[in-house]
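Just below is one structure, and these are the notes that go with it.
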Amino acid sequence: MADLSCNIAGVHGPNPFWLASAPPTDKQYNVERAFEAGWGGVVWKTLGEAGPPVVNVCSRYGSIDYNGQRMVGLNNIELITDRPLDVNLREIAAVKQAWPDRAMVVSLMVPCNEAAWRDILKAVEQTGCDGVELNFGCPHGMSERGMGSAVGQVPEYIREVTGWCKTHTDLPVFVKLTPNITDIRYPARAAREGGADAVSLINTINSITGIDLDTFAPEPTVAGKGAHGGYCGPAVKPIALGMVSEIARDPVTHGLPISGIGGIATWRDAAEFIALGCGSVQVCTAAMHFGFKIIDDLVDGLANWMDDQGHANLDAFRGRAVPNVTDWNQLDLNYKTLAAIDQDLCIQCGLCHIVCEDTSHQAIARSRGDDGRRVYTVIDDDCVGCNLCNLVCPVPDCISMVEVDNGKPYLNWNDHPNNPQGGN
C-alpha cells in the first residue's frame, strides 16, 4: 500500500489530511475524536490574546445549495475562538501528549505589534505543538480590528509580522494567506522574505451568500441584520487551485512548502492540490457537512489511486502538474479538437444542440432518422472545439473531444501573425 505519511516544513503526520482552523478544531473533545477517526493532523482554531475572549453571535452560517446538493458553498461570520486562552493551551498540550504522532499546528491572531506576537508564541511553545499558523486571512470581524485579512492584504505587514515570529520562536511558521487580493504572489513573496517556513491557502473569500427576500437582510441574519463573511466549500476549489498554482510556479516562491486549502471534499480534490505542489491539505466544510468519518474515504481513495498509478509516496507525484500550468499566451493556437457524438449512447435530449445553437457556433445539426429518432450530428467545419457540448451532456462519454492532427506546428500568441506586438 502507498505510503501517505506527510512531512511539510518539518511537521510530520501519518497522512496529509489535516482539519483546518475552524469550529471542528476548537476544543480537545473535537480534536481527539478526529484523531481517533484517523485524521493526520489539525490546525487548532485561531487563538487570540489572553484576557476577555472575543464574543461570537448566534446565527453564524449561511450556505449556497445547488441542484439538490446542500452546502456547495458555506458562508460564516464566526470569529476566532471564544474560549479562554489558558483553556485552549491546556487542551492543546493534553492532545499533543496523547497523540504525539499527529501534526498539531496552532493558528494565531493577535494585534499587529511585536510584543503581542512574542508573548503568545512563548505561551504556545509550552504546549509541545509542532508549528504555528499566522492567520492573515479572515475577512470579517477581526479584520475590522486591524487583524486577519487587514494584515494579509498588505505585503509589508506580512513580511514584518512573519519576521517577528521567526525571531521569537523556533517552531515552523506557516503563513495563512487571504484570497481577497488581486495577485496572490505578492503576499506569498512577502511571507518568504519574512522567513516563513510554509504558506497555507486559501482562507475564506469575502462574501454575502444571499438576501432573504422576506426580511431583505443578508443571510445569515442576526436580529434583522447581516454582515459580509467568509466563503468556503466546494465552490471555492477552482479559485484555490489557481492561487496555489501561481505560488508553485512563481520563480520567487517556487519550492516554498504549501498547505492547500479550499473546497477539498474528496481524495481526488486532495490529489489535485498535491499535484500542484502541496505538502498537506486542510479540510473544513466537508467535515462540517458529513462528519469526521469522511477521513476513511479520503485516505482509502488516495491510497488506492496511488497504488493504481504506481506512486509509492506523496513525493512521487507532488508538483507533477506545475510544469503544465502556463500563461494563455503560451498555449498552442494550432491545437485542434472536434466534438464527436456516440449515437448509441445519445438519449436525444437535444441539450448539446440547444447550447451550441443559442450560445456557441451552430455546429450541431438536428435531424430525424428513419425510425423517427432525433439525431444530433457535429458539423466539423463549424466546430471550434470549445468543449461546451461535452460539458452539458448528461450522459458520460457520449460526447468526446477528439484531437485532430492538422499538420501545423506549435504556435503561440507571441509569435502569431495577428499579434500587433508579435515577436516582442
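Computed quantities for the displayed model
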quantity	calculated
Separation in nanometres of the label points that stand 7 Å from Cα toward Cβ, at Asn414 and Glu32	5.9 nm
FRET efficiency, Thr359 to Ser400 (Cβ-Cβ, R0 30 Å, nearest 0.05)	0.90
DSSP-defined beta bridges in the chain - what % are antiparallel, rounded to 5	50 percent
Projected area, mean over directions - the chain, Cα convex hull, nm²	25.7 nm²
Among Lys176, Lys122, Lys237, residue whose mean-square fluctuation peaks in a GNM of the chain (springs only between Cα atoms under 10 Å)	Lys122
Difference of contour (0.36 nm per residue) and Cα-Cα distance, Val392 to His12	132.6 nm
Filtered trypsin sites (Lys or Arg not before Pro), the range 302-402: DSSP coil and at most 12 other beta carbons within 10 Å	Arg373
Gain upon complete extension [Val375, Phe290; 0.36 nm per residue less C-alpha separation]	26.4 nm
Rough spin-label spacing in nm, given labels placed 7 Å along Cα→Cβ, for Asp183 and Asp86	4.8 nm
Lysine pair number, Cα distance threshold 13 Å (strictly under), the chain, separation 8 or more or different chains	5
Likely footprinting exposure, Leu391, Leu333, Leu302, Leu121, fewest C-beta neighbours within 10 Å first	Leu391, Leu333, Leu121, Leu302
The range 30-161, relative contact order [Cα under 8 Å, separation at least 6], %	25 percent
Viscosity 1.002 mPa s, 20 °C: Kirkwood-radius Stokes-Einstein D of the range 118-229 over Cα pairs, µm²/s	141 µm²/s
Dimensions (Å) - the range 329-415, Cα atoms, principal axes, largest first	50, 24, 23
Helical contribution to [θ] at 222 nm, DSSP H n ≥ 4, -39,500 (n - 2.57), averaged over the chain, rounded to 500	-8500 deg cm²/dmol
Estimated FRET transfer efficiency (Met1, Gln126; beta-carbon r; R0 30 Å; 0.05)	0.20
Relative contact order (percent, whole number), the chain, Cα cutoff 8 Å, 6+ residue spacing	14 percent
Förster radius 22 Å - calculated FRET efficiency between Thr266 and Gln309 (Cβ-Cβ, nearest 0.05)	0.85
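Computed from the coordinates by the stated procedures, all read-outs in this text should not be read as laboratory data. These figures come from a predicted structure and were not determined experimentally. Because the Cβ atoms are built from the backbone with ideal geometry, glycine has one as well, and the counts that use them run over all protein chains shown.
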